[in-house]
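A.B. asks: My questions will all concern the structure given below.
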Amino acid sequence: PPTNINQSQTQWTKLITPSVAQISADLEKIARRNPQTVVFFHKLNANIISSGKCEHDAKWHIPSHVSTPFSSKNLAWGALSGRKWDTIKDSLEKLSRNCAANPHQKGIAGLIKTAISQYDTNVSSKTDFGTINHPEISSILTPTIPIIVNYALMLPSLLAEPIPFLRKNSSMTIYLTKNLVCSLMANAFFCTLEEKPGMDDINFYRLFNTTTKGSAKVEKLKCIITYFQKMRVRAARQKSGDEIISFERRCITAKQNWTQSISQLVPVNIEQNKTIEKAVDSLKVDFANKQVGGGVLNEGAVMEEIMFATSPELIISRLFTEPLEDNEVLIITGTEQFSNYIGYSQSFRFAGPSAPSIKFQKDKLGRIMNPIVVMDALNFKTHEKDMQYQQQLIDRELHKAFVGFMISNGEKNIPIATGNWGGGVFNGDPELKFLIQWMAASQAGRLFIVYHTIGYASQAQSICSMADFLRGRNASVGQLYKLVTAYVLRKYEHQTVFDFVKRLLK
Ligand code: AR6
């Protein structure tokens, strides 16, 4: 892959491997077989890249596609004039040369501010670059800037066509190469991307802004800088970066008949010591916000934000994924963890680069088999907690989890790796949420579910006892559903959902 921004497109064409042509053919076959699902792929082919240039202009500022920053329709305004991408390129190249010449210089925050203000005259109103001024950031960032600039300016040679939005109420999959994802992330870092109103931010302004709430932003920045460094090291070692990452928005409107379900409850394994990220050969649940990534580019540092910061390729989904509706999830396959961490929330800390992901197999599209399902639970305020036992809200959670857990055509039946989904910031009752996810996984026909209780021994014990109790009685999903939805009527008797279900069955 081109590791130098000056390499021409012709050189890039020559570097295309036969396997990429094969992957492209495989994806086209998928598109033909699944006419319901629009399959979109950025072909790594110079002809298409050059003919695609007019696409970037034609689809500039239309609601269905992300506006490409290097489109010739992207014009600089105000005192500046001409194509904005030309200004971006000049400004970032100058920044890169400056940092390369003096990688230990002080004042990187000022240099980045000057660079961005060449193409965003409003930058001062959006951020003060306070987190970049942190000594632990500035010392690692200055020598990394040429790498990030390099990736950012590669974008025109990697992005064949504008990226469509994964819009509400639609099922659609986007396939991007890892190099393209890295290039988009580098553009997000330098705040060059066009943000659609109504979507969460993707440019890094807020992450760069001074924080008064502890060190999470600084620790997340360390994770992201590590990601760029590791991508560069791989490129230098001839690892191609042509591997695919897929982003599947799945929307299912047809509802299950839970009362009538005769599906048997599947086995439950308890994992007390490992976090969900450490699971292999499983579908990992991200305890998400409906705006994917939640507060990853701001103050947040709980499950989802930590997962996104340590696997930054996930962050780019924010560029094109509209907020999730009740009947939708996003499944991301092919990302990797680049950083280790310790702690949680205010104690969250970057703990060095992580080892390569050799434990994951690749599929024939070259995707690292590390699927993650981004699914948002309902968010209950403290005073609203009692509402969660209402049947219609239980149905919402069941359907959301079922859409996430169902096995689509040709997909392998792997276990679900989950835990207290919706049971932290969102105030859900962990017992109820366990039963909901268990029913959804059983209805979806998963082989088993692995429940990560991360150190809560008493929770592990009570889930084991509940699973033994119900499976010992051959309970079906429908039976459990009826018991759970009856709980709302008796919730003031001071018994937990587990106690209630057991007592009623006994
Ligand atoms: N592995 C297993 N279990 C975990 C892990 C992990 N890595 N991390 C946390 N837990 P929470 P929510 C457990 O609060 O309630 C974000 O801002 C731990 O017991 O992250 O669904 C999103 O963007 C924790 O209390 O998920 C949303 O805005 C519980 O899982 C919002 O939080 C819930 O973790 C979602 O909140």
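A.B. asks: Report the calculated FRET efficiency for Asn122 and Asp281 (r = Cβ-Cβ distance, R0 = 60 Å), to the nearest 0.05.
C.D. replies: 0.80
A.B. asks: For the stretch 428-506, just say rounded, prolate or oblate: build the C-alpha gyration tensor, square-root its eigenvalues into a ≥ b ≥ c, call rounded for a/c under 1.5, and beyond that prolate if a/b exceeds b/c, oblate if not.
C.D. replies: It is oblate, given that a/c is not under 1.5 and a/b is not larger than b/c.
A.B. asks: Sequence-distant or interchain residues sharing an amide H contact under 5 Å with Met375, placed H: which?
C.D. replies: Long-range HN contacts for Met375: Asp286, Ala288.
A.B. asks: About its Cα centre, what dipole magnitude does the chain give when the only charges are +1 on Lys and Arg Cβ and -1 on Asp and Glu Cβ, stated in debye to the nearest 20?
C.D. replies: Computed about the Cα centre, the dipole is about 620 debye.
A.B. asks: Sticking with this one: Under a 5 Å amide H to amide H cut-off, with H placed in plane at 1.01 Å, what residues pair with Thr210 once short-range neighbours are removed?
C.D. replies: For Thr210, the qualifying residues are Asp128, Phe129, Gly130, Thr131.
A.B. asks: With both partners inside the chain, how many of the DSSP beta bridges are antiparallel, as a percent to the nearest 5?
C.D. replies: Expressed as a percentage, antiparallel bridges in the chain total about 55.
A.B. asks: Rounded to whole Hz and in sequence order, give me ³J(HN,Hα) for the stretch 157-172 from the Karplus expression 6.51 cos²θ - 1.76 cosθ + 1.60, θ = phi - 60°, writing x for Gly and Pro.
C.D. replies: Rounded to whole hertz, the list is 8, 10, 9, 6, 9, x, 8, x, 6, 8, 8, 3, 6, 9, 9, 6.
A.B. asks: Further question: Skipping prolines and chain starts, which residues have an amide H placed within reach, meaning under 5 Å, of the one on Glu271, given they are 5 or more residues away or on another chain?
C.D. replies: Amide H to amide H, under 5 Å and 5 or more residues apart or across chains, Glu271 pairs with Tyr451, His452, Thr453.
A.B. asks: Using r as the Cβ-Cβ distance of Gln461 and Met387, and R0 as 35 Å, what FRET efficiency do you calculate, to the nearest 0.05?
C.D. replies: Efficiency at R0 = 35 Å is approximately 0.80.
A.B. asks: Report ³J(HN,Hα) in whole Hz for each residue of the stretch 206-214, in order, from the Karplus equation J = 6.51 cos²θ - 1.76 cosθ + 1.60 where θ = phi - 60°; Gly and Pro get x.
C.D. replies: Once rounded to whole Hz, the list reads 5, 5, 7, 6, 3, 10, 10, 10, x.
A.B. asks: If you don't mind, another one. What's the local net charge at Ala76, with K and R +1, D and E -1, over the other residues with C-beta under 9 Å away?
C.D. replies: +1
A.B. asks: Gly334: net charge of surrounding residues, Cβ under 12 Å, Lys/Arg +1, Asp/Glu -1, itself excluded?
C.D. replies: -3
A.B. asks: Moving to a separate point now. Simple spin-label model, 7 Å along Cα-to-Cβ: Asp326 to Glu136 in nm?
C.D. replies: Here the modelled spin labels are 4.3 nm apart.
A.B. asks: Would you work out which of Val425, Gln346, Ala152 lies farthest towards the positive end of the dipole of the chain? Charges go on Cβ: Lys and Arg +1, Asp and Glu -1.
C.D. replies: With unit charges placed on the Cβ atoms, the residue in question is Ala152.
A.B. asks: With θ set to phi - 60° and the Karplus curve 6.51 cos²θ - 1.76 cosθ + 1.60, what are the ³J(HN,Hα) couplings of the stretch 282-289 in order, to the nearest whole Hz, using x for Gly and Pro?
C.D. replies: 9, 8, 8, 8, 9, 6, 9, 9
A.B. asks: Using alpha-carbon pairs under 8 Å, 6+ residues apart, how would you state the relative contact order of the stretch 86-185 in percent?
C.D. replies: 30 percent
A.B. asks: What is the stretch 124-232 by shape, rounded, prolate or oblate, if you read a ≥ b ≥ c off the alpha carbon gyration tensor as root eigenvalues and call it rounded for a/c under 1.5, prolate for a/b larger than b/c, and oblate otherwise?
C.D. replies: oblate
A.B. asks: Between Asp90 and His494, what is the label-to-label distance in nm when each label sits 7 Å out along the Cα-to-Cβ direction?
C.D. replies: 7.5 nm
A.B. asks: Using the count of nearby Cβ atoms within 10 Å as a rough guide to exposure, how do Val329, Val501 rank from fewest to most?
C.D. replies: Val501, Val329
A.B. asks: Return, ordered by residue number, the residues of the stretch 457-482 whose backbone nitrogen is under 11 Å from a label point located 7 Å along Cα→Cβ of Leu505.
C.D. replies: 465-477, 479-481
A.B. asks: Another question, if that's okay. If we count other beta carbons within 10 Å of each Cβ, what is the order of Glu161, Glu194, fewest first?
C.D. replies: So the ranking, lowest neighbour count to highest, is Glu194, Glu161.
A.B. asks: While we're here: Output the peptides 399-409, 222-232, 60-70, 464-474 sorted from most to least packed, where packing is the average of other Cβ atoms within 10 Å over each peptide's residues.
C.D. replies: 222-232, 399-409, 60-70, 464-474
A.B. asks: For the stretch 391-477, rounded, prolate or oblate, judged on the Cα gyration tensor with a ≥ b ≥ c (square roots of eigenvalues), a/c < 1.5 rounded, else prolate if a/b > b/c?
C.D. replies: rounded
A.B. asks: Please give the net charge around Ala457, taking every other residue with its beta carbon less than 15 angstrom from that of Ala457, where Lys and Arg add +1 and Asp and Glu add -1.
C.D. replies: Result for the local shell: 0.
A.B. asks: Which of the helices in the chain, when you take each full DSSP H run, stretch at least 15 Å along the axis at their Cα atoms and have an average Kyte-Doolittle score of 0.5 or higher?
C.D. replies: 135-153, 178-189, 477-490
A.B. asks: How would you rank Thr418, Thr382, going from fewest to most other Cβ atoms within 10 Å of each one's own Cβ?
C.D. replies: So the residues, fewest neighbours to most, are Thr382, Thr418.
A.B. asks: Just name one of Val285, Val181, Leu166: the one whose Cα is farthest towards the positive end of the charge dipole of the stretch 153-309 (beta-carbon charges, Lys/Arg +1, Asp/Glu -1).
C.D. replies: Of Val285, Val181, Leu166, it is Val181.
A short reminder: the numbers here are calculations on the coordinates, not readings from a lab. In this text the structure is predicted, and so the values were computed from the model without any measurement. A quick note on method: Cβ atoms are made from the backbone with ideal geometry, for glycine too, and the neighbour counts reach across all protein chains shown.
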